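Accompanying notes for the structure given below.
The values are calculated or read from the model by the stated rules, or taken from the named source; none is laboratory data. Predicted, not measured: the structure shown is a model, and the values here were computed from it. In this analysis, Cβ positions are derived from the backbone assuming ideal geometry, glycine residues included, and neighbour counts consider all displayed protein chains.
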Amino acid sequence: MLKLTFFGLIFLAVLLEVAGDIFFKKWAVESRSALFIVGMAVYFIGTFFWAISLKYEFLSKAIVVFTVLNLVLITLAGVLIFKEDLTLANKMGIVLGIVSIVLVEM
């Protein structure tokens, strides 16, 4: 049950961080202050869930899961929303990141 709570909190934190990144990218392109403010607010809420998740797992494990999951989801957002391209090296890096989560959680 604790692992499930941890992964739920991490996933929620990552989703909010990715949403914040999307607002920041839109702000950078459109220069609308409201996008920056919303991005900061969403980031703050994501950081709150990240901090709570640390009650359920060691920092050394939690940071790997958080970082790699963030990398995978923000890459998907970049490709799907902003039509960014992925190189073979990018794809390999994502796969290796996922492998790192599996190894850390063993």
- For the stretch 1-41, the count of residues that are of a type outside the set (A, V, I, L, M, F, W, C) and crowded, with 16+ Cβ neighbours inside 10 Å equals 6
- Mind listing just one residue for me: the one in the stretch 60-83 that is part of a helix (DSSP H, G or I) and over 16 Å from the mean Cα position of the chain (by Cα) and, of those, surrounded by the fewest Cβ atoms within 10 Å (Cβ to Cβ)? S60
- Message: Among the residues that make up the stretch 45-53, is at least one of them crowded, with 16+ Cβ neighbours inside 10 Å, within 18 Å of E105 (Cα to Cα) and in contact with an Asp or Glu (Cβ under 9 Å, 6 or more places away or on another chain)?
- Response: yes
- Sole exception among (1) in a helix (DSSP H, G or I); (2) surrounded by fewer than 16 Cβ atoms within 10 Å (Cβ to Cβ); (3) modelled with pLDDT under 95 for L86, by number: (1)
- Task: Scan the stretch 26-57 for residues that are in a loop (DSSP other than H, G, I, E, B), free of Cβ contacts under 8 Å to residues at least 40 places away in the same chain and farther than 21 Å from E84 by Cα and report the count.
- Result: 3
- Message: As an exercise: evaluate I98 against (1) of a type in the set (A, V, I, L, M); (2) surrounded by 16 or more Cβ atoms within 10 Å (Cβ to Cβ); (3) over 23 Å from F23 (Cβ atoms) and give the number of the one condition it does not meet.
- Response: (2)
- Got at least one residue in the stretch 29-42 being within 14 Å of the chain's Cα centre (by Cα) and of a type outside the set (D, E)? yes
- Only one of F11, F23 is within 19 Å of E84 (Cα to Cα) and assigned to a helix (DSSP H, G or I), namely F23
